[in-house]
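**Q** Okay, here's the structure, questions in a sec.
The values are calculated or read from the model by the stated rules, or taken from the named source; none is laboratory data. Note that the structure is predicted; figures quoted are calculated from it, not measured. So basically every Cβ, Gly included, is an ideal-geometry build from the backbone, and we count neighbours across all protein chains shown.
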Amino acid sequence: MKFGVVVFPGSNCDHDAFYAVQSVLGQEAAFLWHDSTDLAGSDVIILPGGFAYGDYLRTGAIARFSPIMRAIADFAARGGFVMGICNGFQVLLEAGLLPGAMLRNRALRFICRPVYLRVENAHTAFSNACRPGQVLEVPIAHGEGNYFADADTLEEIESAGQVVFRYCCPDGEITNDANPNGSVHNIAGIMNREGNVLGMMPHPERACDPLLGSTDGRFILQSVLNAALDRVSTTAWAVANVNRS
């Protein structure tokens with residue numbers, strides 16, 4: 001499988017994502033420059049963390065206009081897997097590939113520390129390697145990670161199972177104290193209705209090596225790899241059967 005890692009001016013977690021794909025998952029990785037529309041034959045696209053275009057105007061507000069985003073929108077519309085981490089999540093929201101918006105952290109300061117996530121839906125392309133209700137320890141590093149959506153949108157994404165991860169206590173309890181940034185409903189990660197685009201504020205690529213203090217991020221990265229492999233296998237089977245007929 002080939003993972004494309006988008007590089008915007010201001011990205012600073014692109015090499016972290018590249019390392020996680022290549023050295024941890026053992027898969028091919030390629031950097032994709034923001035002003036290109038060539039996805040280099042990628043099976044999965046990662047929009048990494050950082051400060052795309054300096055986060056001027058709003059986080060992700062300028063990056064959404066990059067040429068690469070038009071190609072990613074087309075890729076997602078065809079069912080391609082897209083994963084936005086931290087700033088990448090913010091970009092996906094601004095681009096309209098995910099519902100909702102980001103506000104400043106309720107404490108009005110940058111937060112960088114490990115948090116706990118509860119797997120709310122283990123039957124997704126981004127959580128299939130997890131158990132329902134499993135608690136993962138993954139770090140955050142953001143100043144605008146306070147996820148917000150209006151009441152109708154919240155009802156829709158909750159009822160459709162689009163909330164994949166929620167901030168929680170170490171024992172899995174969902175509390176206000178476990179919510180590091182004020183996100184509505186303790187939401188840490190959501191997917192689109194089609195289930196092929198994920199946005200999450202925590203950094204799984206920073207929790208995939210024992211040296212980093214946690215390897216829980218591997219569950220998330222392995223999940224999307226599983227989904228991509230399954231898609232290729234299913235497509236190959238369908239093509240083979242069409243050819244026979």
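**Q** Identify, by number, the condition in (1) closer than 27 Å to Asn12 by Cα; (2) out of contact with any Leu (no Cβ under 8 Å at 6 or more places or on another chain); (3) touching a residue at least 12 places away in the same chain (Cβ under 8 Å) that Asp216 doesn't meet.
**A** Single failed check for Asp216: (2).
**Q** List the pairs whose first member sits in the range 96-108 and is within 14 Å of Leu57 (Cα to Cα), whose second member is polar (S, T, N, Q) and surrounded by 13 or more Cβ atoms within 10 Å (Cβ to Cβ), and whose Cβ atoms are under 8 Å apart, counting only residues at least 6 apart or on separate chains?
**A** From residues that are within 14 Å of Leu57 (Cα to Cα), the pairs are Met102/Thr59; Met102/Gln90; Met102/Asn146; Leu103/Asn146; Arg104/Asn146.
**Q** Just to be sure before I move on: is Ser11 touching a residue at least 60 places away in the same chain (Cβ under 8 Å) and under 25 Å from Phe110 (Cβ atoms) in the structure I sent? Step through it out loud before you land on a result.
**A** Numbers: touching a residue at least 60 places away in the same chain (Cβ under 8 Å): yes; under 25 Å from Phe110 (Cβ atoms): yes.
So Ser11 passes the test.
**Q** Okay, moving on. Answer yes or no as to whether Arg231 is of a type in the set (Lys, Arg), in contact (Cβ under 8 Å) with a residue 24 or more places away in the chain, part of a loop (DSSP other than H, G, I, E, B) and more than 23 Å from Glu137 (Cβ to Cβ).
**A** Here the answer is no, as Arg231 does not meet what is asked.
**Q** Go through the range 101-186 and tell me which strands (runs of 3 or more DSSP E), entirely inside it, have 1 or more residues that are basic (Lys, Arg) and surrounded by fewer than 19 Cβ atoms within 10 Å (Cβ to Cβ). Break it down stepwise before answering.
**A** Numbers: elements: 101-103, 111-119, 135-142, 146-148, 163-168.
Answer list for the range 101-186: 111-119.
**Q** Please find, among Leu97, Leu39, the residue that is in contact with a strand residue (DSSP E or B) (Cβ under 6 Å, 6 or more places away or on another chain), modelled with pLDDT of 95 or more, of a type outside the set (D, E, K, R) and over 26 Å from Ala207 (Cβ atoms).
**A** Working: Leu97 fails: over 26 Å from Ala207 (Cβ atoms).
Going through Leu97, Leu39 in turn, just one is in contact with a strand residue (DSSP E or B) (Cβ under 6 Å, 6 or more places away or on another chain), modelled with pLDDT of 95 or more, of a type outside the set (D, E, K, R) and over 26 Å from Ala207 (Cβ atoms): Leu39.
**Q** Among the candidates Ala107, Ala101, which residue alone is among the small types (Gly, Ala, Ser) and more than 22 Å from Ile46 (Cα to Cα)? Spell out how you get there, then give the answer.
**A** Numbers: Ala101 fails: more than 22 Å from Ile46 (Cα to Cα).
Residue meeting the stated conditions: Ala107.
**Q** Residues in the range 228-240: is at least one buried (at least 19 other Cβ atoms within 10 Å of the Cβ) and either more than 16 Å from the chain's Cα centre (by Cα) or not polar (S, T, N, Q) (or both)?
**A** Initially, the range 228-240 is screened for residues buried (at least 19 other Cβ atoms within 10 Å of the Cβ), giving 228.
From what is left, the residues that are either more than 16 Å from the chain's Cα centre (by Cα) or not polar (S, T, N, Q) (or both) are 228.
Within the range 228-240, one or more residues are buried (at least 19 other Cβ atoms within 10 Å of the Cβ) and either more than 16 Å from the chain's Cα centre (by Cα) or not polar (S, T, N, Q) (or both).
**Q** Let me ask you something else. Can you report the number of residues in the range 69-100 which are within 14 Å of Tyr147 (Cβ to Cβ), surrounded by fewer than 24 Cβ atoms within 10 Å (Cβ to Cβ) and among the small types (Gly, Ala, Ser)?
**A** 1
**Q** OK, next. What is the residue count in the range 55-64 for residues that are of a type in the set (Ser, Thr, Tyr) and either buried (at least 18 other Cβ atoms within 10 Å of the Cβ) or touching a strand residue (DSSP E or B) at 6+ places or on another chain (Cβ under 6 Å) (or both)?
**A** From the range 55-64, those of a type in the set (Ser, Thr, Tyr) are 56, 59; that's our starting set.
From the residues that got through so far, the ones that are either buried (at least 18 other Cβ atoms within 10 Å of the Cβ) or touching a strand residue (DSSP E or B) at 6+ places or on another chain (Cβ under 6 Å) (or both) too are 59.
Here the count works out to 1.
**Q** With the structure loaded, tell me whether Ser36 is free of Cβ contacts under 8 Å to residues at least 40 places away in the same chain and small (Gly, Ala, Ser) or whether it fails that test. Break it down into steps so the answer makes sense when it comes.
**A** Details: free of Cβ contacts under 8 Å to residues at least 40 places away in the same chain: yes; small (Gly, Ala, Ser): yes.
Judged against the criteria, Ser36 is a match.
**Q** On to the next question. I'm checking my understanding of the structure. Among residues of the range 194-213 that are surrounded by fewer than 20 Cβ atoms within 10 Å (Cβ to Cβ) and in contact with a Ser or Thr (Cβ under 8 Å, 6 or more places away or on another chain), which one is nearest to Ser11 (Cα to Cα)?
**A** Taking the range 194-213 as the starting set, the residues that turn out to be surrounded by fewer than 20 Cβ atoms within 10 Å (Cβ to Cβ) are 194-195, 209-213.
Checking the rest, the ones that are also in contact with a Ser or Thr (Cβ under 8 Å, 6 or more places away or on another chain) come to 195, 209.
On the way: Gly195: 25, Asp209: 21 Å.
Only one residue tops the list, namely Asp209.
**Q** With Gly84, Gly79 as the choices, which residue is within 22 Å of Asn196 (Cβ to Cβ) and part of a strand (DSSP E or B)? Walk me through it before giving the result.
**A** Numbers: Gly79 fails: part of a strand (DSSP E or B).
Gly84 is the lone residue from the list that is within 22 Å of Asn196 (Cβ to Cβ) and part of a strand (DSSP E or B).
**Q** Does Ile62 fit the bill of being free of Cβ contacts under 8 Å to residues at least 12 places away in the same chain, under 23 Å from Gly145 (Cα atoms) and β-branched (Val, Ile, Thr)?
**A** Details: free of Cβ contacts under 8 Å to residues at least 12 places away in the same chain: yes; under 23 Å from Gly145 (Cα atoms): yes; β-branched (Val, Ile, Thr): yes.
Against the criterion (free of Cβ contacts under 8 Å to residues at least 12 places away in the same chain, under 23 Å from Gly145 (Cα atoms) and β-branched (Val, Ile, Thr)), Ile62 qualifies.
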